[in-house]
1. What are the pairs, 6+ residues apart or on separate chains, where a residue within the range 160-174 that is within 22 Å of ALA84 (Cα to Cα) and surrounded by fewer than 15 Cβ atoms within 10 Å (Cβ to Cβ) has its Cβ under 8 Å from a residue that is modelled with pLDDT of 90 or more and of a type outside the set (Ser, Thr, Tyr)?
2. Given SER110, SER67, which one is free of Cβ contacts under 8 Å to residues at least 40 places away in the same chain and surrounded by 13 or more Cβ atoms within 10 Å (Cβ to Cβ)?
3. For ASP116, all conditions in the list (1) exposed (fewer than 15 other Cβ atoms within 10 Å of the Cβ); (2) in a strand (DSSP E or B); (3) at pLDDT below 95 hold save one; what is the number of the exception?
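The values are calculated or read from the model by the stated rules, or taken from the named source; none is laboratory data. Note that this is a predicted model, so its numbers are computed, not measured. Please note: Cβ atoms are built from the backbone with ideal geometry, for glycine as well, and neighbour counts cover all protein chains shown.
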Amino acid sequence: MREDAIGGYDHSHLLLDLWIKKYICGQMKKIGDYRKLLGVDKDAGLQELKTVYRGFMKDWHPDKFQSDEEKHQAEEKSKAFIEAYHFLVSIAPETQESKQEEYTAVVTSSRIVDFDYKASVLTINFADGSSYEYFDVPKNIYGKLVNSDTRDRFSRRHIYHSYVYRKASKAVEV
C-alpha cells in the first residue's frame with residue numbers, strides 16, 4: 001500500500017474530492033481508477049483491500065460528522081470508496097480462485113444468449129441466466145465476436161481467459 005494512499009496515514013483530500021467528482025459524473029469505470037482510489041496495486045489481495053477499506057471507513061464514516069454538509073460529503077466519499085472496494089474484491093485473485101469451478105462450468109457448458117459492449121466492457125449473458133463482465137476488451141475483438149459464425153467457440157478461444165472478468169449477475173433457480 002502506498003504511504004500517500006487514501007486508506008493510508010496521509011489523506012489527500014484534494015485527490016479524494018477529484019475521485020468523488022469522477023464517481024458522481026459516472027466517469028470512474030476503469031479498474032485502474034478504483035486501484036488508485038484505494039491506493040493499492042494490481043496484486044492487492046483481499047486482506048490488503050479489507051485493511052484499506054476499514055481504515056477509510058474509520059476516518060470517513062458519515063455518523064462521525066456533526067454538520068449536514070460534512071455528513072453529506074462523507075456519504076459521497078463513502079459511496080465511491082465502497083463501490084471501488086466491492087469491485088476490486090470481485091476481481092481479486094482469491095475471489096477468482098474460489099469461483100473458478102463455477103466460472104469454468106458456465107463458460108464451457110452454457111451457450112451465449114446475448115452480449116453488450118460499452119466503454120471497453122463486454123457483458124455476456126449465458127443461457128443458464130449467468131452474466132459476466134469482461135474488462136478492457138478492445139473494440140476489434142468485440143467486432144470479431146459480432147461477426148463470428150461460432151460466437152461460443154470464439155469467446156472460449158479469445159475472451160474467457162484473456163481478460164479480467166467478474167460475475168455481473170447470478171443465475172436464478174426456479
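1. These pairs meet every condition: VAL164/ILE91; VAL164/PHE135; VAL164/ASP136; SER169/GLY129; LYS170/GLY129.
2. SER110
3. Answer for ASP116: the failing condition is (3).
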